[in-house]
1. Return the FRET efficiency for the residue pair Lys40, Glu372: r is the Cβ-Cβ distance, R0 is 25 Å, and the value is rounded to the nearest 0.05.
2. Under a GNM of the chain (C-alpha, springs under 10 Å), which listed residue has the highest mean-square fluctuation: Asn31, Asn239, Asn330?
3. By the scheme Lys and Arg +1, Asp and Glu -1, what is the net charge of all other residues having a beta-carbon under 15 Å from that of Lys41?
4. Tell me, in nm to one decimal, what length is gained between Leu88 and Ala338 on full extension, where the rule is 0.36 nm per residue of separation less the Cα-Cα distance?
5. Which value, in nm² and rounded to one decimal, describes the direction-averaged projected area of the C-alpha convex hull of the stretch 5-76?
6. Carbon and sulfur together cover what percent of the accessible area of the chain at a 1.4 Å probe radius?
7. Suppose all protein chains stay in the model; what accessible area per residue would a 1.4 Å probe give for the chain, in Å²?
8. Describe numerically, in nm with one decimal, the distance between label points set 7 Å from Cα along Cα→Cβ at Arg320 and at Glu78.
Amino acid sequence: MTNLNFEQGPIRPPSEAYSLLLRVTRNCPWNRCEFCQTYKKEKFGLRSVEEVKKDIDVVQEIVSEIKNLSWRYGFGGEITAPLINLILQDPQHFSDGFRSVALWLYEKGRNVFLQDGDNLILKTIHLVEILRYLKETFPSIERITTYARAKTGSRKRVEELQNLFRAGLSRIHIGLETGYDPLLQYIQKGVTAQEHIEAGRRVKESGISLSEYVVLGLGGKGMWREHASETAKVLNQINPDFIRVRTLKVLKTMPLYQKIETKEFVMLSDDEIVEEERLLINDLDGITSIFISDHILNLLEEVEGKFPEEKEKMLKLIDRYLVLPKEEKNNFRLGRRAGLYRSVEDLHQPELRNQVEKLLRQIETKEPGGFERVLSDLMESFI
Ligand code: SF4
């Protein structure tokens with residue numbers, strides 16, 4: 001039994017699933033984006049360097065404790081799967097922090113994600129001190145990443161970002177969302193396309209790897225074309241290391257929901273979102289970014305690749321879906337949202353297809369005409 005624990009925030013990017021989550025600020029200093037609910041009821045706060053260092057010390061104590069447990073349970077000090085399972089399956093004895101360190105160690109203790117929403121807001125010298133302390137305490141760390149707002153990034157000097165890079169900050173995840181100024185205003189992102197470009201370029205110049213997130217479907221029926229093509233223009237000027245897409249799903253707790261209720265904002269259908277994604281990829285030009293679709297809400301997970309060489313492949317994957325007859329599209333949409341299909345190719349797997357067809361029959365029997373509602377609920381369950 002142990003009381004060892006440390007503070008962790010609510011979210012991380014999908015690519016940081018096995019990273020140690022270390023909270024260096026609390027919540028989001030902006031907190032106004034209309035499509036975001038993560039920190040809406042929470043107040044922003046900085047954490048002091050001393051506070052964060054204490055958490056790093058606790059992580060170190062947990063690491064020692066886990067190694068002791070390994071000896072005690074007969075695993076010879078090794079971090080084995082049975083040991084991790086013992087810890088993960090016992091939340092009564094092991095805190096959230098303890099269990100997350102166990103999982104982190106099992107994944108070799110290589111990556112750390114600094115939470116929460118905008119850590120560049122810390123004074124550079126403070127963030128440098130945290131990064132150095134973290135690396136000194138855990139020399140096994142290879143990658144340290146964080147979220148940041150472009151507005152904040154556009155105010156950091158390249159030299160400051162270089163200091164962060166030298167201290168160990170490997171990657172910054174920025175929510176670009178869109179490169180279309182009227183839409184940035186509409187969703188209250190609090191940043192302009194030009195500031196996105198400025199921040200992105202500075203991060204790249206500093207040597208820190210850059211990941212830009214785009215929200216598919218964010219333009220709605222009114223602005224989808226501009227959303228796709230203007231976002232591509234901004235990304236073409238930044239040339240980030242990674243472009244990651246996630247699909248819009250609006251929950252009742254998000255401010256944007258009110259605009260949907262009054263029909264001011266009209267959501268795109270799945271097919272229209274795929275068309276929008278096609279336009280985005282088509283207009284991306286002169287970049288060497290890696291395009292990643294690692295969010296569970298995305299319909300076409302397989303549309304991934306490196307620019308420029310895999311651009312045509314990605315467009316073909318999109319077209320393969322778009323030319324399907326309506327029934328096949330619906331079969332795929334349900335299979336994907338139910339977690340059965342991972343690719344359009346899976347439509348040809350008889351076992352998976354049978355399961356999806358069974359689900360379709362169940363929906364028709366229990367709730368005739370309820371297909372779209374079921375899909376929407378399935379998507380909601382992933383958020
Ligand atoms: S800046 Fe990020 S965390 Fe903050 S409200 Fe906007 S989307 Fe949410």
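1. 0.40
2. Highest fluctuation of the listed residues: Asn330.
3. Net of charged neighbours comes to +3.
4. 87.4 nm
5. For the Cα atoms of the stretch 5-76, the hull's average projected area reads 6.5 nm².
6. After summing per-atom areas, the C and S share lands at 49 percent.
7. With the other protein chains kept in place, the chain gives 47 Å² per residue.
8. Result for the modelled spin labels: 4.0 nm.
The values are calculated or read from the model by the stated rules, or taken from the named source; none is laboratory data. Since the structure is predicted, the reported quantities are computational estimates derived from the model, not experimental observations. A quick note on method: Cβ atoms are made from the backbone with ideal geometry, for glycine too, and the neighbour counts reach across all protein chains shown. Surface accessibility is based on the protein's heavy atoms, side chains included, excluding ligands, DNA and RNA. Shrake-Rupley method; radii C 1.70, N 1.55, O 1.52, S 1.80 Å.
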